[in-house]
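> This structure is in structure tokens; I'll ask about it shortly.
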Amino acid sequence: MVAGRGVTHSERTSAETRATRHKLFGIQTWIALPEDREDMAPDFEHHKNAALPEILDSGVKAKLILGSAYGQTSPVTMQSETFYVDVVLDPFAQFPLPDDQEDRGLYVTEGSVEIAGDVFEAGRMMVFRPGDRISVRAGERGARLMALGGATLNEKRYIWWNFVSSSKDRIEEAKEAWKEGDWENGLFQLPPGDDEEHIPITQELEKTMPR
């Protein structure tokens with residue numbers, strides 16, 4: 001989903017699902033748009049799991065979700081140079097990060113990895129210097145991790161609640177538009193068919209969010 005100049009969405013769990021025991025595991029990732037595309041029209045794409053390229057090697061099973069890496073390209077439309085890979089490693093398997101990307105990082109979701117003699121457990125994230133050759137080695141339980149990176153953004157980004165921009169003034173405009181609630185003619189429209197409620201900006205929220 002590309003927010004662009006402003007988008008709303010709804011996340012619902014059915015009554016049938018809520019009535020039973022259930023679980024969901026996932027990672028929500030926000031990628032800032034380049035400054036010259038921040039005001040683009042909102043967009044949405046859906047790609048089935050089978051459409052995403054796999055990267056297979058000895059003890060390595062990886063899925064390229066976004067961007068290009070290891071000679072593969074995801075079908076997802078991107079607005080900047082990016083790579084985002086879900087990697088599953090067998091015990092002691094090794095996995096190199098791309099060396100042709102300026103910014104690179106890892107987030108360990110399961111197990112542990114060793115990098116240059118240091119061990120990192122699940123829940124840790126590492127960001128690496130550009131140009132360094134980086135290879136990770138899974139621990140004795142194996143590992144699952146997200147490998148990510150891409151081109152460096154040259155502009156600062158600000159975030160307030162769900163609003164992200166390179167301009168604080170734009171964030172203030174978005175806040176006012178959300179408060180006004182003109183869903184017909186304003187900046188935001190609520191999701192069709194699910195427009196009977198929304199999360200308001202309250203005084204309590206204003207107090208808890210940094211400026």
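What follows is calculated from the coordinates using simple rules that are stated; it is not laboratory data. These figures come from a predicted structure and were not determined experimentally. Cβ coordinates were reconstructed from backbone atoms using ideal geometry, including for glycine residues, and neighbour counts include every protein chain displayed.
> Filter the chymotrypsin sites (Phe, Trp or Tyr not before Pro) in the stretch 31-87 to those in DSSP coil with at most 11 other Cβ atoms within 10 Å of their Cβ, and list the result. Walk me through the intermediate numbers first.
Details: sites: PHE44, TYR70, PHE83, TYR84; in loops: PHE44, TYR70.
Answer in residue order: PHE44.
> A follow-up question, please. Give the value in nm², to one decimal: projected area of the alpha carbon convex hull of the stretch 89-175, averaged over all directions. Each step should come with its number before you reach the end.
Values: hull surface 27.0 nm².
Spelled out: convex hull of the Cα atoms, projected over all directions, averaged, 6.8 nm².
> Treat each spin label as a single point 7 Å out from the Cα along the C-beta direction, and report the ALA116 to SER58 distance in nm.
Roughly 2.5 nm, to one decimal.
> I've got another one for you. Using the Cα centre of the stretch 1-159 as the reference point, and only Cβ charges (+1 on K/R, -1 on D/E), how large is the resulting charge dipole? Debye, rounded to the nearest 20. Show your work: numbers first, answer last.
On the way: 18 positive and 24 negative charges, 131 e Å.
The calculated dipole for the stretch 1-159 is roughly 640 debye.
> Of LEU52, TYR84, GLN72, which is farthest on the positive side of the dipole of the stretch 48-150, counting Cα position, with +1 on Lys and Arg Cβ, -1 on Asp and Glu Cβ, and the Cα centre as origin?
LEU52
> Here is a follow-up. Quick one: compute the contact order of the chain, relative version, from alpha carbon pairs under 8 angstrom and 6+ residues apart, as a percent. Let's see the in-between values first.
Details: 360 pairs, mean separation 37.1, N = 211.
Relative contact order of the chain: 18 percent.
> How would you rank SER74, SER135, going from fewest to most other Cβ atoms within 10 Å of each one's own Cβ? Walk me through the intermediate numbers first.
Working: SER74 21, SER135 12.
The most exposed by this proxy come first: SER135, SER74.
> Can you list residues whose amide H is under 5 Å from PHE163's amide H, if they're 5+ apart or on another chain and H is modeled 1.01 Å from N?
Under 5 Å from the amide H of PHE163 lies no amide H from a residue far enough along the sequence or on another chain.
> List the residues whose amide H sits under 5 Å from the amide H of GLY139, counting only those 5 or more places along or on another chain, with H placed 1.01 Å from N in the peptide plane.
Correct list: PHE92, SER112, VAL113, GLU114.
> Further question: Under 26 Å from the Cα of LYS61, which lysines turn up, not counting those fewer than eight places away in the same chain?
LYS23, LYS48
> Give a quick list of chymotrypsin sites (Phe, Trp or Tyr not before Pro) in the stretch 88-135 that DSSP marks as loop, anything other than H, G, I, E or B, with at most 16 other Cβ atoms within 10 Å.
Numbers: sites: PHE92, TYR107, PHE120, PHE128; in loops: PHE92.
Here the sparse-neighbourhood loop sites are PHE92.
> So, one more: Using modelled amide H (1.01 Å from N, peptide plane; none on Pro or chain starts), what sits under 5 Å from the amide H of GLN189, excluding residues fewer than 5 places away?
Amide H neighbours of GLN189: THR8.
> Taking the highest mean first, how do the peptides 181-187, 96-102, 136-142 order by number of other beta carbon atoms within 10 angstrom per residue? All intermediate terms of the calculation are to be shown ahead of the outcome.
Working: 181-187: 11.4, 96-102: 14.9, 136-142: 17.3.
Going by the mean number of other Cβ atoms within 10 Å, highest first, we get 136-142, 96-102, 181-187.
> Now a separate question. Which whole-Hz ³J(HN,Hα) couplings does the stretch 88-103 yield from phi under the Karplus relation 6.51 cos²θ - 1.76 cosθ + 1.60, θ = phi - 60°, glycine and proline marked x?
With the stated coefficients, the stretch 88-103 comes to 10, 10, 5, x, 6, 6, 10, 9, x, 7, x, 9, 10, 10, 6, 9 Hz.
> Still on this structure, I have one more. Dividing the alpha-carbon radius of gyration of the chain by 2.2 N^0.38 Å (N being the number of residues), what value is obtained? Spell out each step's value before the answer.
Working: Rg = 20.0 Å, N = 211, 2.2 N^0.38 = 16.8 Å.
Against the empirical 2.2 N^0.38 Å value, I get 1.19 for the chain.
> Name the GluC sites (Glu not before Pro) in the stretch 30-78 that are in a loop by DSSP and that have at most 10 other C-beta atoms within 10 Å, would you?
Details: sites: GLU35, GLU38, GLU45, GLU54; in loops: GLU38, GLU45.
Here the sparse-neighbourhood loop sites are GLU45.
> I would also like to ask the following. Hey, which lysines would be in cross-link range of LYS175, C-alpha to C-alpha under 20 Å, not counting anything within fewer than 8 residues on its own chain?
Cα-Cα hits under 20 Å: LYS156, LYS207.
> Starting with the fewest neighbours, write out LYS175, LYS23 ranked by other beta-carbon atoms found within 10 Å of each beta-carbon.
LYS23, LYS175
> Spelling out what I want: for every residue of the stretch 176-190, take phi, set θ = phi - 60°, compute 6.51 cos²θ - 1.76 cosθ + 1.60 (Karplus), and round to whole Hz; glycine and proline get x.
Calculated HN-Hα couplings, in order: 5, 5, 5, 5, 5, x, 7, 6, 8, 10, x, 5, 10, 10, 6 Hz.
> Using the count of nearby Cβ atoms within 10 Å as a rough guide to exposure, how do LEU66, LEU148 rank from fewest to most? Walk me through the intermediate numbers first.
On the way: LEU66 20, LEU148 25.
Going from least to most buried by this count: LEU66, LEU148.
> Through the Karplus equation 6.51 cos²θ - 1.76 cosθ + 1.60, θ set to phi - 60°, convert the phi angles of the stretch 35-44 into ³J(HN,Hα) values in whole Hz; use x for Gly and Pro.
4, 7, 10, 4, 9, 5, 5, x, 8, 8
> Could I have the simple spin-label model distance between THR77 and ILE159, label points 7 Å from Cα toward Cβ, reported in nm to one decimal?
Taking the simple label geometry, THR77 and ILE159 are separated by 2.5 nm.
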